[in-house]
Amino acid sequence: MLTGEGRKWWKSQVNTEFKSLQPVPWERFRDNFFQQYFPPAIKEKKLRDFIHLKQGSMSVMEYEAAFTSLSDYARHLVADPREKAKRFEDGLRKDIQKQTNVMRIYDYAELYQRALIAEQNNNEDREWRERSDSIVTGTIYICGLPAQVLFDSGSTHSFILPEFATSVKILSKMLDTPYTVNTASGEILASRIIYPNCDIYIGDHIFPANLIALPIKDFDILLGMDWLSTWHAEIDCAARKISFPIPEENLVFFEGKKAYIESTPKNETRIDGIKIVREFTDVFPEELPGLPPEREVEFTIDTISGSAPISKASYRMAPKELEELKRQLQEMLNLGFIRPSVSPWDAPVLFAKKKDGSLRLCIDYRELNKITIKNKYPLPRIDDLFDQLKNAKVFSKINLRSDYHQLRIRA
């Protein structure tokens, strides 16, 4: 129903343009209406706005709303779902594109959800950087043992690493209800163990703290607002100094340092110093040079008849994990282990942290395993295997870093 200016326009049209037409044909009404309120000049401007649309300072949600609104004037450009998703991604900020590009997402709805997650990850990283300016780290003594401590006014409670608490051998107490913590990465951690009245030594003074057992990272102890407010601590962020007013005495100071993530260079162990390795360098490559040769028997994964293709959404990853994922995928592409695919089958990936701190790329094939026909073959006898080792002098082991890459799988 037309109101305001639109109603006035309609009345004038009835008295002039449509005076002899009863009823008024819809096509005629539509053409006149668009000519009045949506002339070609406005349509062209909206089209240009859509073509040059960038996220800029908008949130992902605001950008998506603008993209959807303006796409009505450029339907020929977004008729193909993949082209629509690509145009949406091209307009995202570069910091968000870095996280979505590696996933090669062609579905618009999924891309939008991934962009929202990437934006949230970026916001969390920014909050941490801003928050790091108001925290102090250093070394204190607890019950006579040194501990790496984080003074954090952004934390409501104080925590202790369970492994460190065990080494200190302090008494614990069970909480009636578990205490839960929301971490910056989105994890929810819970604990029912508390270590009451732990002696925190600063200088010649003792400042007891109630510490909740929690698997905190990078530090042995985190002292939050409950402890800082109890002892009226004042944090000088610029000087990285904490002062504690002691009745009838001077102030007690703790001088720390700014919180940061330290990257420790690793001494890489090399095997090329071994004589036998130098003689047979082709047998000891750092990485496999490519796919293995064709074998007599092809390896296949047979699924139960009638099974629909398995396709699961990707798991959420931190920005650093996404960068590592992109690096490892590109490395495998260069070596020829993998290739781009548009198969309806897929499985999510995740990382497992290795002892040396690096990340191992793992693929979650659990859903595929449920519909896979299990292999059946006789297992070798252990006594036969021992017989085969008789007089053996040289032994080898499976390369567990990339054993699946040593096997061709028929597509």
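Values quoted throughout were computed directly from the atomic coordinates according to the rules given, and no laboratory measurement underlies them. This is a predicted model, so every value here is computed, not measured. Don't worry about glycine lacking a Cβ; one is built from the backbone with ideal geometry, like all the others, and counts go over all protein chains shown.
Pull out a ≥ b ≥ c, the square roots of the eigenvalues of the alpha-carbon gyration tensor of segment 21-106, then state rounded if a/c is under 1.5, prolate if not and a/b is larger than b/c, and oblate in the remaining case. Judged from the Cα gyration tensor, segment 21-106 comes out prolate (a/c at least 1.5, a/b above b/c).
Compute, for segment 21-106, the length of the dipole vector about the Cα centre, with Cβ point charges of +1 (Lys, Arg) and -1 (Asp, Glu) only. Units Debye, rounded to 20. The dipole of segment 21-106 has a size of about 220 debye. Sorting 142-149, 365-372 by their mean Cβ neighbour count within 10 Å, with the most densely packed peptide first, gives 142-149, 365-372. Net charge in the neighbourhood of Arg82 (other residues with Cβ under 13 Å of its Cβ; Lys, Arg +1, Asp, Glu -1) is -2.
Applying 0.36 nm per residue to the separation of His232 and Met61 and subtracting their alpha-carbon distance, the gain on full extension is 57.3 nm.
The calculated FRET efficiency for the pair Val349 and Phe29, based on their C-beta separation and a Förster distance of 45 Å, comes to about 0.20.
For segment 300-363, trypsin sites (Lys or Arg not before Pro) are listed when DSSP marks them as loop and at most 13 other Cβ atoms sit within 10 Å of their Cβ; the list is Lys312, Lys354, Lys355. Exposure proxy ranking for Phe395, Phe351, based on other Cβ atoms within 10 angstrom of each Cβ and starting from the fewest, stands as Phe395, Phe351.
Each label was represented as a point 7 Å from its Cα along the Cα-to-Cβ direction; for Tyr201 and Arg360 these points are 4.1 nm apart. Report the calculated FRET efficiency for Thr3 and Glu83 (r = Cβ-Cβ distance, R0 = 41 Å), to the nearest 0.05. The value I calculate is 0.60.
Note on Arg75 and Asp387: their simple-model spin labels are 7.8 nm apart, each label 7 Å out from Cα toward Cβ.
For segment 306-395, a/c is not less than 1.5, where a ≥ b ≥ c are the root eigenvalues of the C-alpha gyration tensor, and a/b does not top b/c. That puts it in the oblate class. If you average the C-alpha positions of segment 76-112 and of segment 1-73 separately, how far apart do those two centres end up, in angstrom? Comparing the Cα centres of segment 76-112 and segment 1-73, I get a distance of 27 Å. Please give the FRET efficiency for Gln120 paired with Lys370, using the beta carbon to beta carbon distance and R0 = 30 Å, rounded to the nearest 0.05. Step by step, r from the Cβ atoms, then E = 0.45. Got a sec? Charge dipole of segment 21-106, +1 on Cβ for Lys and Arg, -1 for Asp and Glu; which of Ala66, Phe38, Pro81 is way out at the positive end? Value computed over the given set: Pro81.
If the segment from Met225 to Ile409 were pulled out straight at 0.36 nm per residue, it would be longer than the present Cα-Cα gap by 60.6 nm.
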